[in-house]
1. Tell me, which residue of the range 222-258 that is in contact with a helix residue (DSSP H, G or I) (Cβ under 6 Å, 6 or more places away or on another chain) and in a loop (DSSP other than H, G, I, E, B) is surrounded by the fewest Cβ atoms within 10 Å (Cβ to Cβ)?
2. Checking GLY134 against (1) surrounded by 22 or more Cβ atoms within 10 Å (Cβ to Cβ); (2) more than 15 Å from the chain's Cα centre (by Cα); (3) farther than 19 Å from CYS62 by Cα, only one condition comes out false. Which one?
3. Restricting to the range 1-24, name every residue that is in contact (Cβ under 8 Å) with a residue 60 or more places away in the chain, open to solvent by less than 30 Å² (accessible area, probe 1.4 Å) and part of a strand (DSSP E or B).
4. Right, THR98: among the β-branched types (Val, Ile, Thr) and more than 19 Å from GLY9 (Cβ to Cβ) or not?
5. Which ones in the range 58-74 are open to solvent by 30 Å² or more (accessible area, probe 1.4 Å) and either part of a loop (DSSP other than H, G, I, E, B) or not hydroxyl-bearing (Ser, Thr, Tyr) (or both)?
6. Being buried (at least 24 other Cβ atoms within 10 Å of the Cβ), farther than 21 Å from LEU3 by Cα and within 16 Å of the chain's Cα centre (by Cα), is that true of even one residue in the range 85-105?
7. What is the residue count in the range 89-104 for residues that are more than 17 Å from VAL126 (Cα to Cα) and outside any loop (DSSP other than H, G, I, E, B)?
Amino acid sequence: MRLRVLGSGSGGNSIAVRSGDTLLLVDLGFSFKEEKTRLADCGVDIADVTAVLFTHDHSDHCKGVGTFHKRLPDVPLVANGDTADAIARLAGVNDGWTVFENGEPFDIGDITVTAFSISHDAADPVGYLFEADGSSLFIGTDMGVVTTNVRAAFSRATCAVLEANHDPVLLEQSGRPVSLKQRIRGRTGHLSNEDAAMLVRETNPSCLKTILLGHISSECNSCSLAKRAFMDVLEELGRTDIELALLEQDRPGDLFEF
């Protein structure tokens, strides 16, 4: 599999995954024009997309779906029932949906997909495990706590896109309203650096080779703090074989092959 994260953060999220002739997008958090441009910057034609999968119905993950569906109506939109219904109401896209059941594997071209439930304040949010040619990609962002489902999927990952949203001290010191601070650090909010790093410590999958840290808050976190939290754990575990990279909001990340 090959992976490019087109952008990660509250300003928009989208991930491109390819295996053989199968090209999947996870989320459409940018306008169609921006999505097309970012894919083109990666040498990818948006017309080649096989299907789009959605993690949940918040606008930074589905903002571009309306225009995308108008321009490319034959590309399936893939989500669980509650997420599909919520996005349909939000964006007025009532057709083109392929609906799955959480926890039930299904194939899209060369890739086997399993969606697992996560804890977030959305209709029925999920993370994904993609499997192809003996490799596995874990995608887990926008979740307030690490659950059994998350641990089980992460333990199978060769490559992981994992949320490291905030530093608790910076969150508390920020000028954000108290209600927003409570939402972010709550059970249906976002993972802190330490919570995400704890997932690595608790599971320590022998197959894991790459961790990509995403959804890093520009106000309540820093790249250095997120990186330090994970480097401490990786050093403790003796996992010098794991590559650690940080994802950005404003431009696509590097190409990763696994």
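1. Selected residue: ILE242.
2. Unmet condition: (1).
3. Of everything in the range 1-24, those that are in contact (Cβ under 8 Å) with a residue 60 or more places away in the chain, open to solvent by less than 30 Å² (accessible area, probe 1.4 Å) and part of a strand (DSSP E or B) turn out to be LEU3, VAL5, LEU6, GLY7, ILE15, VAL17, SER19, THR22, LEU24.
4. The answer is yes for THR98.
5. Residues satisfying the conditions are HIS58, LYS63, LYS70, ARG71, LEU72, PRO73, ASP74.
6. no
7. Number satisfying all stated conditions: 3.
Conditions (1) under 28 Å from CYS207 (Cβ atoms); (2) surrounded by fewer than 20 Cβ atoms within 10 Å (Cβ to Cβ), marked per residue:
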{"residue": "ASP110", "(1), (2)": "yes, yes"}
{"residue": "VAL113", "(1), (2)": "yes, no"}
{"residue": "HIS120", "(1), (2)": "yes, no"}
{"residue": "LEU129", "(1), (2)": "yes, no"}
{"residue": "ILE139", "(1), (2)": "yes, no"}
{"residue": "ASP142", "(1), (2)": "yes, no"}
{"residue": "ALA152", "(1), (2)": "yes, yes"}
{"residue": "GLU172", "(1), (2)": "no, yes"}
{"residue": "SER179", "(1), (2)": "no, yes"}
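The values are calculated or read from the model by the stated rules, or taken from the named source; none is laboratory data. Quantities reported herein were computed from a predicted structural model and do not represent experimental measurements. Ideal geometry is used to build each Cβ from the backbone, glycine not excepted, and the neighbour counts take in all protein chains shown. The protein model used for the area step is the full one, side chains on, heavy atoms only, and it has no ligands, DNA or RNA in it. Shrake-Rupley method; radii C 1.70, N 1.55, O 1.52, S 1.80 Å.
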